[in-house]
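For reference, the structure discussed in these notes is given below.
The values are calculated or read from the model by the stated rules, or taken from the named source; none is laboratory data. Bear in mind the structure is a predicted one, so any value in this text is a computation, not a measurement. Please note: Cβ atoms are built from the backbone with ideal geometry, for glycine as well, and neighbour counts cover all protein chains shown. Note: areas computed on protein heavy atoms with side chains; ligands, DNA, RNA excluded. Shrake-Rupley method; radii C 1.70, N 1.55, O 1.52, S 1.80 Å.
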Amino acid sequence: MERNTCVILALDVTDRKEAIRIAEDVREFVDAIKVGYPLILATGLRIIRELAEFAPIIADFKVADIPNTNRLICEQVFEAGADAVIVQGFTGRDSLDACIEVASEYRKDVFVVSEMSHPGGAEFMQPVAEAIAKMAAEAGAFGLVAPATRPERVKRIRKLIGDKLTIISPGVGAQGGKASDVIAAGADWVIVGRSIYKAESPKEAACEIAAEIEAELRGE
Ligand code: C5P
């Protein structure tokens, strides 16, 4: 995945035409599009190939099963044309290894959730987030999903993993996180959903976030 604008769109709409219209509208300001259960359950897996015309696709299924089921899920995701899959780390090393094996067969990427961005993410996941991050690095994942709502956690995780993994960070805008803060804390990409797809002009909203990040990276 190429890093240009450092913005990933979380496209959680449930209408196929709207999804395609927004993806086309924002394509120059996003490095990837994240799709998950809302859009795929509503429109079917083929939406992945349709959207892949505009940007690389990250399939956010937060895969969390036994190794064999994880393998079957990841095969479906990559056959459908996704460039990366998001999986949970709390199911353990064997479950993660199964995802990474399939991804390497398809030459695709795995992102591991270390800690979720909503308030409940601090209840059970935060205490084990650092162990999950270490495991993801040892297992050879491409990146981690860490919370933009808690930039100090992103900073801590970055310190722990060094440059071994990329960090993508959801929670900017609607959940309260600020794009420039999260990039300053060490994230490679921010993930933004409602603040872009619900905006009057998704293109302008994406452009503004990309400009805020660019200014942060230039040190302004
Ligand atoms: O609309 P909003 O910008 O809050 O969307 C954030 C996206 O990131 C949603 O698709 C949500 O499911 C996802 N996500 C998250 N926290 C995580 C992992 C994924 O908010 N830890």
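Among the trypsin sites (Lys or Arg not before Pro) in region 141-220, which ones are in a DSSP loop with at most 15 other Cβ atoms within 10 Å of the Cβ? Mind listing them? It would help to have the intermediate numbers written out before the result.
Values: sites: Arg153, Lys155, Arg156, Arg158, Lys159, Lys164, Lys178, Arg194, Lys198, Lys203, Arg218; in loops: Lys164, Lys178, Lys198.
Answer by residue number: Lys164, Lys198.
For the pair Leu72 and Phe124, how long in nm is the line joining their label points, each one 7 Å along Cα→Cβ?
Spacing of the two 7 Å Cα→Cβ label points: 2.3 nm.
Rounded to the nearest whole Å², what accessible area per residue is found for the chain with the 1.4 Å probe?
45 Å²
Translational diffusion coefficient of the chain at 25 °C, 0.890 mPa s, Stokes-Einstein with Kirkwood Rh over Cα pairs, in µm²/s as a whole number.
Numbers: Rh = 17.1 Å.
For these conditions, the coefficient is 144 µm²/s.
Determine the share of region 59-124's accessible area contributed by carbon and sulfur atoms, expressed in whole percent, with a 1.4 angstrom probe.
Using a 1.4 Å probe with all protein chains present, region 59-124 comes out at 52 percent carbon and sulfur.
Which chymotrypsin sites (Phe, Trp or Tyr not before Pro) in region 121-193 pass both tests, a DSSP loop state and at most 14 other beta-carbon atoms within 10 Å? Kindly include the intermediate steps, with their values, before the conclusion.
On the way: sites: Phe124, Phe142, Trp189; in loops: Phe124, Phe142.
Passing sites in region 121-193 are Phe124.
Convex hull over the Cα atoms of region 1-63, averaged projected area in nm²?
Numbers: hull surface 15.7 nm².
For region 1-63, the mean projected area of the Cα convex hull comes to 3.9 nm².
Excluding residues fewer than 8 places away in the same chain, name every one of the aspartates and glutamates whose C-alpha is closer than 18 Å to that of Lys159.
The reachable aspartates and glutamates, counting only those whose Cα sits under 18 Å from Lys159, are Glu115, Glu130, Glu138, Asp181, Asp188.
Check cross-link reach from Lys198 to the lysines: straight Cα distance under 27 Å, and skip same-chain residues fewer than eight apart.
Lys17, Lys34, Lys62, Lys178
Check each of the GluC sites (Glu not before Pro) in region 70-156 and keep only those in coil by DSSP with at most 15 other C-beta atoms within 10 angstrom; list them in order.
Sites meeting the loop and neighbour criteria: Glu123.
Need one number: nm distance between label points at Arg16 and Glu2, each 7 Å from Cα along Cα→Cβ, rounded to one decimal.
In this crude spin-label approximation the distance works out to 2.9 nm.
Give me the extension gain from Ser201 to Arg93: residue separation times 0.36 nm, minus the current Cα-Cα distance, reported in nm with one decimal.
My answer for the length gained is 34.7 nm.
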